[in-house]
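Engineer: Okay, handing you the structure first.
The values are calculated or read from the model by the stated rules, or taken from the named source; none is laboratory data. Source: prediction; values computed, not measured. Ideal geometry is used to build each Cβ from the backbone, glycine not excepted, and the neighbour counts take in all protein chains shown. Heads up: the accessible areas ignore ligands, DNA and RNA and are worked out on the full protein's heavy atoms, side chains in. Shrake-Rupley method; radii C 1.70, N 1.55, O 1.52, S 1.80 Å.
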Amino acid sequence: MAQSSHHDRRIHPGSGRRRGPDHPKGRQVDPAALTEVQALLGERERRPDLLIEHLHVLQDHFGCLNARHLVALADEMRLALAEVYEVASFYAHFDIVMDDEAPPPPITVRVCDSLSCALNGAEALLDGLRDRLGDGVRVVRAPCMGGCDKAPVVAIGHALHEHASLDNVAAAVAAGDTHPAVPAYIDLGAYRAGGGYALLQACLSGARQVEEVIATLESSGLRGLGGAGFPTGRKWRFVRQEAGPRLMAVNADEGEPGTFKDRYFLETDPHRFLDGMLIAAWAVEAADIYIYLRDEYPQCQTILEREIAAIESAGLAPHARVHLRRGAGAYICGEESAMLESIEGRRGLPRHKPPFPSQVGLFGRPTLINNVETLFWVRDIVERGPQWFTAQGRNGRQGLRTFSVSGRVREPGVKLAPAGITARQLIAEFCGGMADGHTFKGYLPGGASGGILPASLADIPLDFGTLEAEGCFTGSGAVVVLSDKDDMRAVALNLMRFFEDESCGQCTPCRVGTEKAVVLMSQPRWNETLLADLTRVMGDASICGLGQAAMNPVKMVLKHFPEDLTGGDLR
């Protein structure tokens with residue numbers, strides 16, 4: 001979510017006095033606040049890596065993080081107050097309230113202003129809701145919530161409302177509809193009735209060998225489908241060859257604007273993902289698995305809590321303990337090392353590499369990191385054989401890909417299509433063509449950071465390694481389709497504002513570069529020389545992919561859409 005103004009605040013000492021034993025230094029613990037914190041945490045462990053989980057408990061109960069409770073929490077967890085505060089102030093879903101401040105209203109409405117929602121009137125919706133709902137409801141901007149195919153989207157409290165309008169949002173607020181709806185999905189019983197977990201049990205019993213399973217994945221060509229595309233079987237092998245103990249982390253923090261495929265898998269067939277996850281943990285001998293789920297998916301959290309408990313009760317995970325961790329509104333935590341930092345209870349700041357997580361990962365141990373979709377395919381590939389997977393594909397490519405398609409198409413949504421399909425084919429065959437009144441003008445092949453290409457380049461296969469020659473990449477398969485009604489200059493500015501807001505601030509090239517880019521791109525005429533300098537510095541010197549790829553949309557607009565450089569706003 002968008003970072004709020006509390007990031008600039010500080011917790012001030014109590015009286016400020018520093019003399020004598022009667023006036024100890026620092027902020028003192030309020031006994032009543034300590035009692036409240038202890039009661040809320042109950043029997044939960046006080047380990048430092050659970051700090052973010054405990055902050056959620058306080059935020060959910062009180063609707064904010066009162067300063068006195070942060071002091072009490074620091075005391076209870078034996079942490080410095082600075083450690084607690086720097087974490088609480090980093091994540092956008094935490095609201096810090098000082099002693100002299102009023103708490104936020106009981107209901108917060110977050111309006112997504114990322115690209116697909118912006119194309120569908122998010123700005124007008126934001127203004128209208130502020131006028132309509134009044135002072136008793138807080139209305140704020142927020143980045144992508146994973147509902148791009150049903151734009152515009154708002155979150156009321158913790159409940160996602162899609163195809164949002166002034167009337168239906170106002171009605172939901174009036175009704176107090178702030179709790180997420182859990183969709184129907186394939187539960188454990190139904191999944192096992194279809195043969196689910198038979199492969200896992202064969203692995204655990206010794207009927208299947210680790211080498212056989214890894215070799216099958218290598219032969220299939222399955223790659224990491226969170227965006228980086230590293231070969232899955234090879235990654236498993238790399239982690240397995242490291243000295244134990246080993247761990248596993250699952251990246252379920254898809255925050256790239258335009259991406260919502262992992263949400264689809266978790267909401268419909270969660271056990272196929274969990275099955276693959278448990279097989280992966282068996283293969284690398286990981287005794288603990290940490291699932292890092294974005295906080296914008298509370299309905300998925302409910303599903304996973306239910307079904308993980310069901311798996312444990314059924315005795316299907318004797319080899320691994322599963323820990324579900326909740327993000328707190330930080331796009332940067334989709335970067336694998338920032339995710340590890342967050343799981344460990346800290347700010348989500350990317351780590352320098354090497355060492356890589358496969359060598360030194362979570363809690364300093366070799367760690368296998370896979371995303372949801374990658375693990376979703378494990379069972380099918382191993383049971384059906386690699387040839388089943390490689391037989392799919394088009395235009396010389398192999399395998400299946402799940403595309404999140406939004407924007408100016410008649411039928412947006414999650415599309416399971418052959419790897420190597422082109423954008424033009426995807427629109428025509430899987431999306432019902434362009435939306436009425438719209439002519440295909442361009443597209444994002446890989447979400448906000450994947451660049452922008454014109455319709456004249458819509459016949460390039462969408463797969464790893466096919467778009468790099470054009471300065472773009474397919475990433476996690478987030479395809480946003482744009483039309484003649486869209487101004488590409490405004491599109492690029494919308495994406496850059498997202499990166500500016502979501503930069504973790506650790507490295508100067510990204511922190512300052514994204515801010516400077518927004519200033520330059522907001523001018524009546526773009527200074528192409530300065531933008532080119534920023535592109536080079538950010539690409540060469542940023543610590544992680546956010547800063548390195550943030551200027552991709554700018555480069556593509558300058559190259560392919562010069563006629564839009566004097567354009568206007570999204571509409």
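Engineer: Using a probe of 1.4 angstrom, how much of the accessible area of the stretch 483-568 is carbon and sulfur, in percent?
Structural biologist: Within the stretch 483-568, the accessible surface is 51 percent carbon and sulfur.
Engineer: If you don't mind, there's one more thing I want to ask. For the pairs K353/K441; K235/K441; K441/K516; K485/K516; K261/K441; K353/K555, flag any whose C-alpha to C-alpha distance is greater than 30 Å.
Structural biologist: Violating the 30 Å limit, Cα to Cα: K353/K441; K235/K441.
Engineer: Using a 1.4 Å probe on the protein chains only, how many percent of the accessible area of the stretch 114-208 belongs to carbon and sulfur?
Structural biologist: 52 percent
Engineer: Residues with beta-carbon under 12 Å from that of V210, excluding V210: net charge, scoring Lys, Arg +1 and Asp, Glu -1?
Structural biologist: Taking every other residue near V210 into account, the sum is 0.
Engineer: Can you tell me how much longer the chain between A207 and Q241 gets when fully stretched, taken as 0.36 nm per residue apart minus their C-alpha distance, in nm with one decimal?
Structural biologist: Value of the extension gain: 10.1 nm.
Engineer: Here's another thing I want to ask about it. Per residue, how much accessible surface does the chain expose to a 1.4 Å probe? Answer in Å², no decimals.
Structural biologist: Roughly 39 Å² per residue, with all protein chains present.
Engineer: Under a 5 Å amide H to amide H cut-off, with H placed in plane at 1.01 Å, what residues pair with E254 once short-range neighbours are removed?
Structural biologist: For E254, the qualifying residues are R294.
Engineer: Something else: For the stretch 45-51, take each phi angle, set θ = phi - 60°, evaluate the Karplus expression 6.51 cos²θ - 1.76 cosθ + 1.60, and give the result in whole Hz per residue in order, putting x for glycine and proline.
Structural biologist: 5, 9, 5, x, 5, 9, 4
Engineer: What are the residues whose amide H is under 5 Å from the amide H of V97, where those residues sit 5 or more places off or on another chain and H is modelled from the backbone?
Structural biologist: It is L65, N66, A67, by chain and number.
Engineer: Quick one: plug the Kirkwood hydrodynamic radius of the stretch 286-329 (C-alpha pairs) into Stokes-Einstein at 25 °C, 0.890 mPa s, and report D in µm²/s.
Structural biologist: 222 µm²/s
Engineer: Kindly give Rg over Rh for the stretch 452-571, based on alpha-carbon atoms, with the Kirkwood expression for the hydrodynamic radius.
Structural biologist: Radius of gyration over Kirkwood radius for the stretch 452-571 works out to 0.95.
Engineer: Something else now. Using only alpha carbon positions, build the gyration tensor of the stretch 67-148, then give the equivalent ellipsoid semi-axes as the square roots of 5 times its eigenvalues, largest first, whole angstrom.
Structural biologist: In descending order, the three semi-axes are 32, 17, 7 Å.
Engineer: Give me a comma-separated list of calculated 3J(HN,Hα) values for the stretch 245-259, in order, Karplus coefficients 6.51, -1.76, 1.60 applied at θ = phi - 60°, integers in Hz, x for any Gly or Pro.
Structural biologist: x, 10, 10, 9, 10, 10, 8, 10, 10, 5, x, 4, x, x, 9
Engineer: At what distance in angstrom do the alpha carbon centres of the stretch 423-437 and the stretch 297-357 lie from each other?
Structural biologist: 35 Å
Engineer: Using a 4.7 Å cut-off between beta carbons, which cysteines in the chain end up with no partner cysteine at all?
Structural biologist: C64, C144, C148, C203, C300, C333, C431, C472, C504, C507, C510, C544
Engineer: Could you work out the pair-distance distribution P(r) of the chain from its alpha-carbon pairs, with 20 angstrom bin width and percents rounded to whole numbers?
Structural biologist: 20, 55, 24, 1
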